[in-house]
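Engineer: Please read through the structure below; I'll follow up with questions.
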Amino acid sequence: MRERLDYIDITKGFGIILVVLSHTEHWELMYYTLPFFVPIFFFCSGYTSSKKAISLNTCFRWQAVKLLKPYLFFSILMLLYFHDFSLRAIGGIFYSRYCLYPFGTEPDICHLMIVGNYPMWFLTCMVIAYLLYDLLIYYPKYQYGLIGIYLVVTVCAAFLPILLPWSLDTAPLMAVIMFCGMLYRQYKDKLGKYWAGLSIPLYLLILPLCGDINISVRMYGANMNTYLVAAIIGCIALIWISTLLEGTLIGKGLVQIGRHSLTIFCIEIPFVLLGKKLADLILPETPSLQTAVITSFIQLTIALAGGYLLSVLLHKNEYIRKIVF
């Protein structure tokens, strides 16, 4: 069994909090974390991975099954919960993209993942990213040539009129971020904590240059290169902060959230909507910044608590755990 690193679980805990927050009423709070709050999961996957004594085919098949089982389970659950069995809802599960057209290119971007499953694009994207990342690990002789190809493909795909299924257009870039996570673990001790700490001011310097980012719909902000640099530096900064929290009360809480982040990722939207209904009942009807912030806090709390409790229940039963995870 792979060794669990508490500070990586803390990092994932931070990450899933930011992901949920991005789907609440006051998502503008995400401005300072836009470049890295999704890439952090890819970075951590590369950070904790290593070449296994099995074939490339076996390794990838294991990774794909591990990701696709929860994707299918929670997708079906969402169809049942929202009671929508339309062609678009079912087709959206197979296409696994929030919409068909990039933002700003069509009057109707054609929403596809319409049953509260839109955060789950991440899982199919990671399936493709893992395949591309595995090629880098199993064929080290061709690593940097492949990375060059991945970056060229990403740049060229940005001009496509549609978003590709399973994030085929963005997964190559995510594979590069995974590779950077692996490299960072190899060299972080040589770099030392001092250099990791410098990642925070460096990130804050780069952030204003990034622009509007939404990786789920192939938006890289002002420049893809700037986005990539900001994402990597942001990931390093978050991991460094997480190491400082290891062993603290806050850190222990984040470890638990991080270890159940997959379920929270998949099931957050019904709880976010429930939080909005609850906030509307108890808060003033007059819109204000304070109301939006409190609403987001309620949504975040309910989504984290609900997703965490559901995940614990699913993991308790061995038979269900094997089906879902």
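The values are calculated or read from the model by the stated rules, or taken from the named source; none is laboratory data. Small disclaimer: the values here were computed from a predicted structure and weren't measured. Note that we place each Cβ from the backbone using ideal geometry, even for glycine, and neighbour counts take in every protein chain shown. With ligands, DNA and RNA removed, areas are computed over all heavy atoms of the protein, side chains included. Shrake-Rupley method; radii C 1.70, N 1.55, O 1.52, S 1.80 Å.
Engineer: If you go through the range 57-75 one residue at a time, how many are open to solvent by 40 Å² or more (accessible area, probe 1.4 Å) and closer than 20 Å to residue 182 by Cβ?
Structural biologist: So the count comes out to 4.
Engineer: Return the residues of the range 94-120 that are modelled with pLDDT of 95 or more, out of contact with any strand residue (DSSP E or B) (no Cβ under 7 Å at 6 or more places or on another chain), of a type outside the set (Ser, Thr, Tyr) and open to solvent by 20 Å² or more (accessible area, probe 1.4 Å); say none if nothing qualifies.
Structural biologist: 94, 100, 114 - these are the residues of the range 94-120 that are modelled with pLDDT of 95 or more, out of contact with any strand residue (DSSP E or B) (no Cβ under 7 Å at 6 or more places or on another chain), of a type outside the set (Ser, Thr, Tyr) and open to solvent by 20 Å² or more (accessible area, probe 1.4 Å).
Engineer: Report yes if some residue within the range 12-28 is touching a Ser or Thr at 6+ places or on another chain (Cβ under 8 Å), at pLDDT below 95, outside any helix (DSSP H, G or I) and open to solvent by less than 20 Å² (accessible area, probe 1.4 Å); otherwise report no.
Structural biologist: yes
Engineer: Please go through the range 123-160 and give me each residue that is hydroxyl-bearing (Ser, Thr, Tyr) and open to solvent by 40 Å² or more (accessible area, probe 1.4 Å), ordered by number.
Structural biologist: The answer is 139, 142, 144.
Engineer: Picking from 16, 76, 93, which residue would you name as being touching an Asp or Glu at 6+ places or on another chain (Cβ under 9 Å) and not aromatic (Phe, Trp, Tyr)? It would help to see each step written out before you state the result.
Structural biologist: On the way: 76 fails: touching an Asp or Glu at 6+ places or on another chain (Cβ under 9 Å); 93 fails: touching an Asp or Glu at 6+ places or on another chain (Cβ under 9 Å).
From the options 16, 76, 93, the qualifying one is 16.
Engineer: Hey, any hits in the range 76-90 for a residue that's closer than 22 Å to residue 174 by Cβ, out of contact with any Pro (no Cβ under 8 Å at 6 or more places or on another chain), open to solvent by less than 40 Å² (accessible area, probe 1.4 Å) and part of a helix (DSSP H, G or I)?
Structural biologist: No.
Engineer: Which condition does residue 51 not pass, out of (1) farther than 30 Å from residue 252 by Cβ; (2) basic (Lys, Arg); (3) at pLDDT 95 or above, if it passes all the others?
Structural biologist: The single condition residue 51 does not satisfy is (3).
Engineer: Scan the helices (runs of 4 or more DSSP H) fully inside the range 218-325 and keep the ones with 1 or more residues being at pLDDT 95 or above, open to solvent by less than 30 Å² (accessible area, probe 1.4 Å) and of a type outside the set (Val, Ile, Thr). Break it down into steps so the answer makes sense when it comes.
Structural biologist: Numbers: elements: 224-245, 249-259, 261-282, 289-316, 318-324.
It comes to 224-245, 249-259, 261-282, 289-316.
Engineer: If you don't mind, there's one more thing I want to ask. Tell me, please, whether a residue that is among the aliphatic types (A, V, I, L, M) and touching an Asp or Glu at 6+ places or on another chain (Cβ under 8 Å) can be found in the range 142-149.
Structural biologist: Within the range 142-149, none of the residues are among the aliphatic types (A, V, I, L, M) and touching an Asp or Glu at 6+ places or on another chain (Cβ under 8 Å).
Engineer: Using the structure shown, decide if residue 33 is β-branched (Val, Ile, Thr), open to solvent by less than 60 Å² (accessible area, probe 1.4 Å) and without any contact (Cβ under 8 Å) to a residue 12 or more places away in the chain.
Structural biologist: So residue 33 does not fit the description; no.
Engineer: Where residues in the range 197-215 are surrounded by fewer than 20 Cβ atoms within 10 Å (Cβ to Cβ) and within 18 Å of residue 19 (Cβ to Cβ), which of them is farthest from the chain's Cα centre (by Cα)?
Structural biologist: Taking the candidates together, the pick is 212.
Engineer: Next question, about the same structure. Of everything in the range 91-108, what is out of contact with any Pro (no Cβ under 6 Å at 6 or more places or on another chain), outside any loop (DSSP other than H, G, I, E, B) and in contact (Cβ under 8 Å) with a residue 24 or more places away in the chain? Give them in sequence order.
Structural biologist: Within the range 91-108, 92, 93, 94, 99 qualify.
Engineer: Is there a residue in the range 57-64 that is out of contact with any Ser or Thr (no Cβ under 8 Å at 6 or more places or on another chain), farther than 26 Å from residue 131 by Cα and in a helix (DSSP H, G or I)?
Structural biologist: Among the residues of the range 57-64, not one is out of contact with any Ser or Thr (no Cβ under 8 Å at 6 or more places or on another chain), farther than 26 Å from residue 131 by Cα and in a helix (DSSP H, G or I), which makes the answer no.
Engineer: Pairs needed: first member in the range 182-206, among the polar types (S, T, N, Q); second member anywhere, open to solvent by less than 90 Å² (accessible area, probe 1.4 Å) and part of a helix (DSSP H, G or I); C-beta distance under 8 Å; at least 6 residues apart or different chains.
Structural biologist: 199/233; 199/234; 199/236; 199/237; 199/240
Engineer: Does residue 41 fit the bill of being modelled with pLDDT of 95 or more, within 13 Å of residue 258 (Cα to Cα), under 18 Å from the mean Cα position of the chain (by Cα) and open to solvent by 30 Å² or more (accessible area, probe 1.4 Å)?
Structural biologist: Judged against the criteria, residue 41 is not a match.
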